[in-house]
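Enquirer: Can you keep this structure in mind? I'll have questions shortly.
The values are calculated or read from the model by the stated rules, or taken from the named source; none is laboratory data. Predicted model only: the values in this text are computed from it and were never measured. Note that we place each Cβ from the backbone using ideal geometry, even for glycine, and neighbour counts take in every protein chain shown.
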Amino acid sequence: MNKTIHRAPTTTRIFDDRTLETDYATLVSMLQPGMHVLDVGCGTGAISAGIAKRVGGSGYVTGIDNTEHFILSGKETYGSAGFHSIEVFNADEVYRRDNPNFTARAGIWSKVAGLKQISDEGWIDDATRLQAIEDYDRWVDEEAESMTMKLNEVRGRS
Ligand SMILES: C[S@@+](CC[C@H](N)C(=O)[O-])C[C@H]1O[C@@H](n2cnc3c(N)ncnc32)[C@H](O)[C@@H]1O
């Protein structure tokens, strides 16, 4: 049995409002022209776009995200903002039961759900979050044949 996570398309607006300078101020001083940066979980690419400006034409930023409509939205927004040569690659990671450390690798999502932020911010109530952790861990231990981390990799030039 495999489980799939779906996200609401409206989330793109929240990510588009974010900027490198406002939301990742501590990163700004680390970025130098010419750097190659990997932005894991780039959302719609709002932060990646800020990084791209800082690393300049001799640098490179690669954003990866597993939510397809964030990638599509980012392509549309930043393509028309002057970024070019935008390419999207499938970069799914597949963990199978017979891989070493399968339980730890597939179990990553119950560790993510261990963050109380999810219920503190009102996405789900705390009892449901804890139940989800229990259900997921049981699934990984007893039933899971594989877990696919859906990843799209996006490359573009400014
Ligand atoms: C909190 S958001 C941050 C988005 C963006 N970096 C920002 O700061 O605005 C986390 C992002 O990670 C992505 N994500 C979650 N799990 C992922 C995975 N396994 N692989 C790639 N991206 C993932 C989500 O789709 C989401 O866009």
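Enquirer: Tell me which helices (runs of 4 or more DSSP H) are completely within region 62-158 and hold 3 or more residues being surrounded by fewer than 17 Cβ atoms within 10 Å (Cβ to Cβ) and more than 16 Å from the ligand (Cβ to nearest atom), or say none if there are none.
Expert: Per the criteria, 126-138.
Enquirer: Exactly one condition in (1) more than 22 Å from Lys150 (Cα to Cα); (2) in a loop (DSSP other than H, G, I, E, B) is not met by Ala52; state its number.
Expert: It is condition (2) that Ala52 fails.
Enquirer: While we're looking at this one, here's another question. Is there any pair linking a residue in region 40-60 that is within 20 Å of Ser73 (Cα to Cα) to one that is assigned to a strand (DSSP E or B) and within 6 Å of the ligand (Cβ to nearest atom), with Cβ under 7 Å and at least six apart or on different chains, and which?
Expert: Val40/Ile64; Gly41/Asp65; Cys42/Ile64; Cys42/Asp65; Gly43/Asp65
Enquirer: Does region 29-47 contain any residue that is in a helix (DSSP H, G or I), away from the ligand (no atom under 11 Å from the Cβ) and of a type in the set (A, V, I, L, M, F, W, C)? Even if it seems obvious, please write down each step before you answer.
Expert: Step one: list which residues in region 29-47 are in a helix (DSSP H, G or I), which gives 46-47.
Next, from what is left, pick out any that are away from the ligand (no atom under 11 Å from the Cβ): none.
No - not one qualifying residue is present in region 29-47.
Enquirer: Also, I was wondering about something else. Here is a list of conditions, (1) modelled with pLDDT of 90 or more; (2) more than 18 Å from Asp39 (Cβ to Cβ); (3) of a type in the set (A, V, I, L, M), and Ile64 meets all of them except one; can you say which number that is?
Expert: All conditions are met except number (2).
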